[in-house]
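Encoded as structure tokens, the structure appears first; notes follow it.
Nothing in this text is a laboratory measurement; each read-out follows from the coordinates by a stated rule. On a predicted model such as this, the values are computed, not experimentally measured, just so you know. Here the Cβ is made from the backbone with ideal geometry for all residues, glycine too, and neighbour counts use every protein chain on show.
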Amino acid sequence: MERAFYERHTVTVAQDLIGCLLIRRGFSGLEDIVVRITETEAYRGADDPASHAHRGVTPRNRLMFGQAGHLYVYLSYGMHYCMNIVTEGEGEPGAVLLRGAEVVQGLELVRANRPGVRDAQLLNGPGKLTKGLALDLAYNGYDVCGGFGGGELELLPPPTGMRPLPLKETGRIGISKGQAMPWRFVEG
DNA sequence: TTTAGGATCGACT
DNA sequence: GTCGATCCTAAAC
């Protein structure tokens, strides 16, 4: 998808990402992983007390203020990676946390990344998603619009015929402030 | 330099 | 449903 898709209001992007396909390439000699995004959350700036960007720029969150379409990856609770896609115009902080997905292709590879886990639990959480796709801090700042169809990570619109998707909106998970904002989106 | 707490997960009861 | 693991970040001292 083009950069203009991400250069919009963060909440709108979070809704529109549900149903999109995420392609993970880069396993030499092996097939690509393709997953379908089923759960997202929107995080904004000064108006969002739950956001890392709430108090302005820091070394960690600087990507959230940068160009839309790049990844913002961070370590959560000292042990899990979470992946976000940066939104809004440059200088305006925003990012969408990818919280859940289902495997479309490359099931064996995902299973190998998540040993001992039942298929239904492979990617149903932000830390599980990054582990299943073998993503870590090395991908912080990666441009998902920069691959011209061949990058390690790429997003595609929902396959035609699958829209409109039923969407549920709820408060966000695991935060102590800002729960009132219905900025979590789940398919179903 | 120190310290509190976090956009979580999985094991266990 | 409860709880411990585990370590980085940011802000206070």
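Any idea what diffusion coefficient chain A gets from Stokes-Einstein, in µm²/s, Kirkwood Rh on alpha carbon pairs, 4 °C, 1.567 mPa s?
In µm²/s, the coefficient rounds to 79.
Taking the Cα-to-Cβ direction at residue A:156 and at residue A:179 and moving 7 Å from each Cα, how far apart do the two end points lie in nm?
For the pair residue A:156/residue A:179, the computed spacing is 4.0 nm.
Name the residue, out of A:69, A:149, A:78, whose mean-square fluctuation peaks in a Gaussian network model built on chain A with Cα pairs under 10 Å.
Sorting by GNM fluctuation, first place goes to A:78.
Using a Förster distance of 30 Å, how high is the FRET efficiency between residue A:90 and residue A:28, based on the Cβ-Cβ distance and rounded to 0.05?
Working: r = 34 Å, r/R0 = 1.14.
Using R0 = 30 Å, I get an efficiency of 0.30.
Do any trypsin sites (Lys or Arg not before Pro) in the stretch A:29-64 lie in a loop, going by DSSP, with at most 15 other beta-carbon atoms within 10 Å of their beta carbon, and if so which?
Those satisfying the criteria are A:55, A:60.
Find, among the chymotrypsin sites (Phe, Trp or Tyr not before Pro) in the stretch A:27-74, those assigned to loop by DSSP (not H, G, I, E, B) with at most 16 other beta-carbon atoms within 10 angstrom. Please list the in-between numbers first.
On the way: sites: A:27, A:43, A:65, A:72, A:74; in loops: A:27.
Answer in residue order: A:27.
Sort A:79, A:181 by Cβ crowding within 10 Å, fewest neighbours at the top.
A:79, A:181
Once you list every other residue whose beta carbon is under 14 Å from the beta carbon of residue A:12, what net charge do they have if Lys and Arg are +1 and Asp and Glu are -1?
So the environment of residue A:12 carries a net charge of -4.
Which one of A:41, A:88, A:31 has the biggest mean-square fluctuation once chain A is modelled by GNM with Cα springs under 10 Å?
Among A:41, A:88, A:31, the largest mean-square fluctuation in the Gaussian network model of chain A belongs to A:31.
Run the numbers on chain A and let me know its relative contact order in percent, using alpha-carbon pairs under 8 Å that are six or more apart.
Answer for chain A is 27 percent.
For the stretch A:84-174, just the Cα set please: Rg and Dmax, both in angstrom.
In Å, with Rg to one decimal and Dmax whole: 14.9, 43.
What value, in deg cm²/dmol to 500, does the helix sum -39500 (n - 2.57) over DSSP H runs of n ≥ 4 give at 222 nm once divided by the residues of chain A? List each step's numbers first, then the result.
Numbers: 4 runs with 26 residues, N = 188.
It comes out at -3500 deg cm²/dmol, rounded to the nearest 500.
By how many nm would the segment from residue A:2 to residue A:121 grow when fully extended, if each residue of separation counts as 0.36 nm and the alpha-carbon distance is taken off? Display every interim value, and only then the final one.
Numbers: separation 119, 0.36 × 119 = 42.84 nm, distance 3.05 nm.
That pair, residue A:2 and residue A:121, stretches by 39.8 nm at full extension.
Which one of A:160, A:130, A:87 has the biggest mean-square fluctuation once chain A is modelled by GNM with Cα springs under 10 Å?
In the Gaussian network model the winner is A:160.
What's the local net charge at residue A:91, with K and R +1, D and E -1, over the other residues with C-beta under 14 Å away?
Taking every Cβ under 14 Å from that of residue A:91, the sum is -2.
Given C-alpha coordinates of the stretch A:62-115, what is the ratio Rg to Rh with the Kirkwood estimate of Rh? It would help to have the intermediate numbers written out before the result.
Working: Rg = 14.0 Å, Rh = 12.8 Å.
Result: Rg/Rh = 1.10.
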